[in-house]
């Protein structure tokens with residue numbers, strides 16, 4: 001049963017025009033960040049969203065928590081119309097859906113101790129009585145494997161991985177049902193990334209969380225997700241069970257991404273270039289299938305028709321005219 005349902009979400013940002021453009025009367029341009037995205041997130045699962053930098057993953061994440069208001073489409077969370085929420089209902093949604101941000105260095109207030117940061121979340125949402133806040137802060141720190149004395153310290157006293165643990169604790173403070181993690185390990189050292197990923201998996205198993213994990217690293221997706229959605233230039237091009245997509249990807253873009261995953265087997269190349277050619281500008285997306293300028297098997301029809309996500313068996317959907 002789906003916890004979060006997204007239907008036809010689109011988001012564009014107006015591009016800044018120069019003086020010459022305005023004097024010549026050139027039309028206003030917009031960045032096509034997210035285009036007609038539809039997907040389901042099921043209770044208790046981890047859904048991975050992957051794609052190259054600039055494909056719209058982070059914009060989609062911010063639309064899901066309403067940090068950006070979509071231009072079109074609908075979002076349902078546990079049966080409620082998210083885009084229509086206001087007042088107490090919006091506040092309740094904000095509590096049940098939390099976000100962990102990419103950069104642990106900028107997502108924490110440097111002037112507040114860790115205890116004050118976690119306590120503020122508990123107090124604003126009335127999670128526990130005021131007298132119980134110190135106890136709950138200690139429990140949250142233990143949950144993310146930080147020492148109890150971390151509550152008296154400031155963010156600058158911690159490493160990047162520890163700061164990300166604090167960010168995760170802050171998200172958990174309000175007891176959410178869904179956590180959206182936007183590139184949560186990309187700013188961390190490789191040696192620390194595995195520990196944070198394993199923490200997410202541990203917390204999901206322990207607390208029954210639903211996770212949306214956004215990343216460009218397919219190795220992490222293969223390791224920790226149940227299903228994966230592949231984005232290209234603002235659109236979902238393939239979505240399905242992780243094991244099946246990695247075993248036999250059907251969209252040419254997904255195939256190229258998986259071929260580029262570094263290999264550790266003797267005698268094999270460490271990884272190819274992800275995709276040939278340059279990513280088209282989101283200011284002026286190609287007509288038809290947006291991937292056709294870089295696709296090795298594109299046909300004339302691909303240059304004219306925008307393929308929609310179509311079922312290819314079970315929970316596997318592909319947006320490709322040639323996927324059989």
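Cα centroids of the stretch 102-117 and the stretch 126-195: 10 Å apart. Taking the chain as the reference, fit the longest principal axis to its C-alpha atoms, fit the long axis of helix 160-172 to the helix C-alpha atoms, and give the angle between the two in degrees, 0 to 90, nearest 10. Approximately 80 degrees, to the nearest 10.
Note on 9, 245: ascending count of other Cβ atoms within 10 Å places them as 9, 245, the fewest first.
The long axis of helix 114-124 is offset from the longest Cα principal axis of the chain by roughly 80 degrees.
Counting only DSSP beta bridges whose two residues both lie in the stretch 2-318, roughly 60 percent are antiparallel.
Between residue 71 and residue 297, take the C-beta separation as r, use R0 = 56 Å, and let me know the FRET efficiency to the nearest 0.05. Working shown, then result.
Working: r = 32 Å, r/R0 = 0.58.
Here the calculated transfer efficiency is 0.95.
Packing order of peptides 231-238, 193-200, highest average first: 231-238, 193-200 (average count of other Cβ atoms within 10 Å over each peptide's residues). All Cα-Cα distances of the stretch 186-306, cut into 10 Å bins from zero to the largest, leave 11, 36, 34, 16, 4, 0 percent in each bin in turn. Centre-to-centre separation between the Cα atoms of the stretch 196-212 and those of the stretch 28-96: 20 Å.
Using the average count of surrounding beta-carbon atoms within 10 Å as a protection proxy, the listed peptides 148-160, 78-90, 205-217 rank, highest first, as 205-217, 148-160, 78-90.
Across all C-alpha atoms in the stretch 124-188, the radius of gyration and Dmax reach 12.4, 37 Å. Evaluating kT/(6 pi eta Rh) at 10 °C and 1.306 mPa s, with the Kirkwood radius of the stretch 68-180 over Cα pairs in the Stokes-Einstein relation, gives 106 µm² s⁻¹. Helix 133-143 and the longest principal axis of the C-alpha atoms of the chain enclose an angle of approximately 50°. Descending by average beta-carbon neighbour count within 10 Å, the peptides 108-120, 128-140 line up as 108-120, 128-140, the highest first.
Once the piece of chain linking residue 283 and residue 80 is laid out straight, how much longer is it, given 0.36 nm per residue of separation minus the C-alpha distance between them? Show your work: numbers first, answer last.
Numbers: separation 203, 0.36 × 203 = 73.08 nm, distance 3.31 nm.
Taking 0.36 nm per residue and subtracting the Cα distance, the gain is 69.8 nm.
You can think of it this way: the chain between residue 52 and residue 260 has 73.7 nm of extra reach, that is 0.36 nm per residue less the Cα-Cα gap. Our summary of shape: the Cα atoms of the stretch 2-318 have principal axis extents of 68, 59, 41 Å, ordered from largest down, in whole angstrom.
Read the figures in this text as sums done on the coordinates, not as results from a lab. Please read these numbers as outputs of a predicted model, since none were measured by experiment. Counting neighbours? That spans all protein chains shown, and the Cβs are built from the backbone with ideal geometry, glycine included.
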